[in-house]
Amino acid sequence: MSPAADTSFALSRIGQIAVPVHDVAAATAFYRDVLGMRFLFDAPGLAFFDCSGIRLMLTKPESPELDHPASILYYRVDDVAAAHEALRARGVTFEGEPHIVHKAEDHDLWMAAFRDPAGNLMAIMAETPRT
């Protein structure tokens, strides 16, 4: 049986996401103190945070091919305007104001992008029900 035909196994849950940073201490302070993420533990050159059961690992790139910005992480929030205001008050510089990126039948999808100290792009997002 070919690997593509075997449906008894499938990847479905993310356990950890690595975010490359050059200064782990500065990134740790940003994620913990500015973004308010729950710090779990650290190890030499690494720091770990909890994102509702998914572990976020800040890591120095181990080789040149790993020395690039991370995938874009989108953090789900209940109120994008309140989250934007709170993070901006903590010194986060946003790429722009929160804006609607999609209008679904029953909700609007709002986003606002920002960068961490290593230049990694990330965003806050909220699905706001229509009334």
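Lys103: net charge of surrounding residues, Cβ under 13 Å, Lys/Arg +1, Asp/Glu -1, itself excluded? Could the numbers behind the result be given before it?
Working: positive: Arg130; negative: Glu105, Asp106, Asp108, Glu127.
Around Lys103, the surrounding residues sum to -3.
Calculate for the chain the 222 nm mean residue ellipticity that helices alone would give, adding -39,500 (n - 2.57) per DSSP H run of length 4 or more and normalising by residue count, nearest 500 deg cm²/dmol. Intermediate values should be presented prior to the final figure.
Working: 2 runs with 16 residues, N = 131.
One gets -3500 deg cm²/dmol as the mean residue ellipticity at 222 nm.
Mind pulling the per residue volume of the convex hull built on the Cα atoms of the chain? Å³ is fine.
Per-residue hull volume (Cα only) is 168 Å³.
Which residue, Ala104, Ala70, Ala27, has the most motion in a Gaussian network model of the chain that connects Cα atoms within less than 10 Å?
Ala104
Out of all Cα-Cα pairs in segment 86-131, roughly what percent, to the nearest whole number, are more than 15 Å apart? Spell out each step's value before the answer.
Numbers: 497 of 1035 pairs.
Roughly 48 percent, once rounded to a whole number.
On each of the three principal axes of the Cα atoms of segment 59-109, give max minus min coordinate, whole Å, ordered largest first.
Sorted from largest, the Cα extents of segment 59-109 read 45, 30, 18 Å.
May I ask you to order 8-16, 48-56 by the average number of other C-beta atoms within 10 Å around their residues, highest value first?
On the way: 8-16: 6.8, 48-56: 14.1.
My ranking of the peptides, most packed first, is 48-56, 8-16.
For Ser63 and Ala26 in the same chain, what is the full-extension length gain: residue separation times 0.36 nm, less their Cα-Cα distance, in nm? Don't skip to the answer; put the middle values down first.
Working: separation 37, 0.36 × 37 = 13.32 nm, distance 2.03 nm.
That works out to 11.3 nm of additional length.
Just in segment 1-90: which GluC sites (Glu not before Pro) are loop by DSSP and have at most 14 other Cβ atoms within 10 Å? Don't skip to the end; give the middle numbers.
On the way: sites: Glu62, Glu65, Glu85; in loops: Glu62.
When the GluC sites (Glu not before Pro) of segment 1-90 are filtered for loop state and at most 14 Cβ neighbours within 10 Å, Glu62 remain.
Say R0 is 25 Å: what FRET efficiency, to the nearest 0.05, do Arg76 and Arg130 get from their beta-carbon distance? Mind dumping the intermediate values first?
On the way: r = 18 Å, r/R0 = 0.72.
So the FRET efficiency works out to roughly 0.90.
Bear in mind these aren't lab numbers, they're just calculated from the coordinates by the rules spelled out. Note that the structure is a prediction, hence the values are computed from the model and not measured. Here the Cβ is made from the backbone with ideal geometry for all residues, glycine too, and neighbour counts use every protein chain on show.
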